[in-house]
Amino acid sequence: QGTRDHAPAHAALRDRLLAAVVACFKRHGAAAIDTPVLELRETLMGKYGEDMKLVYELQDQGGELLALRYDLTVPFARYLAMNKITNMKRYHVAKVYRRDNPAMTRGRYREFYQCDFDIAGQFDPMIPDAECLKIVHEILSDLQLGDFLIKVNDRRILNGVFAVCGIPESKFITMCSAVDKLDRMPWEEVKNEMVGEKGLSPEAADHIREYVQLHGGLDLIERLLQDPQLSQNKLAKEGLGDMKLLFEYLTLFGIAGKISFDLSLVRGLDYYTGMIFEAVLLQQENDHVEEPLSVGSVAGGGRYDGLVGMFDPKGRKVPCVGVSIGIERIFSVLEQRVKASGEKVRTTETQVLVATPQKHFLAARLKLISELWDAGIKAEMLYKKDPKLLKQLQYCEDTGIPLAAIVGEQELTDGVVKLRDVATREEVRM
């Protein structure tokens with residue numbers, strides 16, 4: 001069905017992942033907001049380019065045309081416009097829905113979580129953009145996923161490239177969707193699409209290729225600023241100037257080594273207006289997995305300065321930049337690693353099991369566990385009147401509960417509890 005049922009161990013692993021991501025968002029001062037799963041169909045129309053066919057459309061009994069949210073960005077832009085908010089730093093963790101062909105091994109589902117962080121408001125160029133890239137770097141480093149690379153580009157530079165290659169403006173978006181396939185298709189196939197399906201001349205396609213195969217850092221930006229054709233294009237010049245500024249800020253953040261300015265990066269969505277980026281995991285040489293896991297990008301985002309204005313009756317714009325973390329794809333990688341290592345994932349956070357060594361001590365267990373719960377201690381007990389002590393200790397081992405609080409006849413007489421460290425079997429009376 002293209003969605004997944006999570007076993008307790010998997011759910012626990014995903015919860016830890018989400019907690020780490022949210023902790024990073026909060027560290028950067030973001031407030032949580034939520035938007036409905038259902039949006040009016042017209043809210044989502046025309047925002048996703050060729051991916052529009054993946055939106056789930058619905059009709060309610062009142063005849064309204066509705067759709068399930070495809071991402072968290074368009075609903076956020078609608079939220080800003082409706083509430084007349086011009087300045088906000090927010091995060092949102094929620095499920096989104098896509099009428100896609102699921103590919104479980106690649107972390108692609110019809111229902112999955114997205115974790116978004118966005119900065120809305122009029123600020124000096126590239127400072128919020130640099131912070132979004134810093135967040136991606138922090139999260140991917142914290143999760144210890146191995147080596148990764150964050151590719152960046154700018155829609156204005158791309159549009160400038162298309163313009164100097166002689167492509168009419170009306171074909172910019174359709175060219176973007178063709179170039180976007182370069183990470184999964186060879187150049188010849190992409191060229192065939194440009195020429196055969198989209199009516200481009202073979203010379204123009206080859207001219208585009210000269211640019212889109214370039215990637216590098218500040219040196220490449222400097223080189224393109226001197227390019228006789230691109231430097232004459234207003235949009236490209238603006239984009240390259242901002243890209244240079246971005247790399248200066250990334251150097252100050254100490255993360256420029258993980259960033260690559262890549263002219264083949266497009267991102268398929270129509271609403272991007274400036275800087276765009278995507279993070280990819282680099283396959284480790286020594287990964288002990290049966291087959292390499294191909295998950296594509298694990299985070300992406302960019303600047304979308306025109307989206308809020310589409311929902312404002314007066315067309316008032318609110319500049320925005322944001323990042324989306326592909327938690328299910330990251331989860332697919334971690335899940336496979338845990339499986340390969342044979343490591344057990346704790347399914348609960350229980351700190352102590354309340355246990356008794358003799359029969360007829362259910363009342364003592366219930367009293368003690370109630371005290372522990374009231375004191376904010378995470379505790380469990382077995383739901384049997386007279387469980388064997390061995391069975392109770394075995395339950396601790398199976399579920400990874402570190403402590404057992406044992407109360408029996410002697411302990412009740414002495415007014416103490418015996419606390420047992422399950423792993424070392426050491427016991428103390430308290």
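Under a straight-distance cross-link criterion of Cα-Cα below 25 Å, which lysines are reachable from K359, leaving out those fewer than 8 residues away in the same chain?
Filter leaves K367, K378, K384, K385, K388, K391, K418.
Mind pulling the angle between the C-alpha long axis of helix 155-164 and the longest principal axis of the chain? Nearest 10 degrees, somewhere in 0 to 90.
Approximately 30 degrees, to the nearest 10.
What value, in deg cm²/dmol to 500, does the helix sum -39500 (n - 2.57) over DSSP H runs of n ≥ 4 give at 222 nm once divided by the residues of the chain?
It lands at -11500 deg cm²/dmol.
I'd like the distance separating the alpha-carbon centroids of the range 33-68 and the range 178-210, in whole Å.
Value for the Cα centre distance between the two parts: 32 Å.
For a protection proxy built on the mean count of beta-carbon atoms within 10 angstrom, sort 346-358, 152-164 highest first, please.
152-164, 346-358
Ignoring everything but the protein chains, give the 1.4 Å probe accessible area of S332 in square angstrom, nearest 10.
10
With angles folded into 0 to 90 degrees, how steeply does helix 234-253 sit against the dominant principal axis of the chain? Use alpha carbons for both and round to 10.
30
Excluding residues fewer than 8 places away in the same chain, name every one of the aspartates and glutamates whose C-alpha is closer than 15 Å to that of K317.
The qualifying aspartates and glutamates are D305.
For the range 367-418, state which chymotrypsin sites (Phe, Trp or Tyr not before Pro) are in a DSSP loop and have at most 16 other beta carbons lying within 10 Å of their beta carbon.
Counting only loop positions with at most 16 other Cβ atoms within 10 Å, the chymotrypsin sites (Phe, Trp or Tyr not before Pro) in the range 367-418 are Y383.
Take the Cα atoms of the range 352-429, find their three principal axes, and give me the spread along each one in whole Å, biggest first.
28, 26, 25
Are any of the pairs K171/K258; K234/K314; K26/K95; K89/K258 more than 30 Å apart by Cα-Cα distance, and if so, which? It would help to have the intermediate numbers written out before the result.
Numbers: K171/K258 33 Å; K234/K314 28 Å; K26/K95 20 Å; K89/K258 25 Å.
Exceeds cut-off: K171/K258.
Are there trypsin sites (Lys or Arg not before Pro) in the range 387-423 that DSSP marks as loop and that have at most 16 other Cβ atoms within 10 Å, and which are they? Please report the intermediate quantities before stating the final value.
Values: sites: K388, K391, K418, R420; in loops: K388.
Within the range 387-423, the qualifying trypsin sites (Lys or Arg not before Pro) (loop, at most 16 other Cβ atoms within 10 Å) are K388.
The values are calculated or read from the model by the stated rules, or taken from the named source; none is laboratory data. Predicted model only: the values in this text are computed from it and were never measured. Positions of Cβ are backbone-derived with ideal geometry, glycine not excepted, and every protein chain shown enters the neighbour counts. Only protein heavy atoms, including side chains, enter the accessible area calculation; ligands, DNA and RNA are left aside. Shrake-Rupley method; radii C 1.70, N 1.55, O 1.52, S 1.80 Å.
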